[in-house]
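Everything below concerns the one structure shown next.
The values are calculated or read from the model by the stated rules, or taken from the named source; none is laboratory data. The model shown is predicted, which means the values in this text are computed figures rather than measured ones. Cβ sites come from the backbone with ideal geometry, for glycine too, and all protein chains shown count toward neighbours.
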């Protein structure tokens, strides 16, 4: 899944290509009439000083987006700031101006940040939704929630939690995958390591979480996406009809 749009800020006149979390088809459009912003106390105090600059302004923002396809409403909490921009005036001269820009911190419902197969167990998908909800404000917690999804996945696959009464770590469980999923061990171990970094206070970035999502996305599709098998069966059927008789 392409996640570059989710690393971008939005403005009153421009919204990145954020997909609707409900229908997954439409794009979110900012409802300007429902955009609220207020300066932080520190920013307001600075603006009362004679030496203050517009670029110092910091705001807290509440925004509402609407899906272009299904009409779903998506709430957003964001941090705002003012940036200097340049353009040409009507005479072709360079003109200086300022623009309000907003960095999202939270969406409700959360945006969907990886492709989850339809047959993925509900418990796994639920923890991934929790991961998505914290992606913008706390990447470490987001990675940790994905790690919990991995624990649930082990339960779904019947991987034991203990051995003769001794609790198995997630790492040990991943080394005991059923034969049908044994080829996914390397991928899932990488997800575990990144999730560990999140749970142990590592300074994970959104790029780190993107990597985790990329790896887990491939693993889940290998496990649950039946499209490959369906297409392969069709290909075999075509080939069989073309086989030359001796």
Residue count, the stretch 191-210 (criterion: under 20 Å from residue 117 (Cβ atoms) and surrounded by fewer than 16 Cβ atoms within 10 Å (Cβ to Cβ)): 0
Over the stretch 145-172, the set of residues in contact (Cβ under 8 Å) with a residue 12 or more places away in the chain and more than 17 Å from residue 197 (Cα to Cα) is 152, 153, 154, 155, 156, 157, 158, 159, 160, 161
Taking residue 27, is it under 17 Å from the mean Cα position of the chain (by Cα), touching a residue at least 24 places away in the same chain (Cβ under 8 Å) and not assigned by TED's automatic domain parsing to the domain that holds residue 151? yes
Total residues in the stretch 30-43, condition free of Cβ contacts under 8 Å to residues at least 24 places away in the same chain and either farther than 21 Å from residue 81 by Cβ or surrounded by 14 or more Cβ atoms within 10 Å (Cβ to Cβ) (or both): 4
Please list, ordered by residue number, the helices (runs of 4 or more DSSP H) wholly in the stretch 171-246 having 2 or more residues that are under 24 Å from residue 133 (Cβ atoms) and within 20 Å of the chain's Cα centre (by Cα). 185-199, 206-224
Among the residues of the stretch 125-142, write down those that are under 11 Å from the mean Cα position of the chain (by Cα) and under 16 Å from residue 104 (Cβ atoms). 131, 132, 133, 134, 135, 136, 139, 142
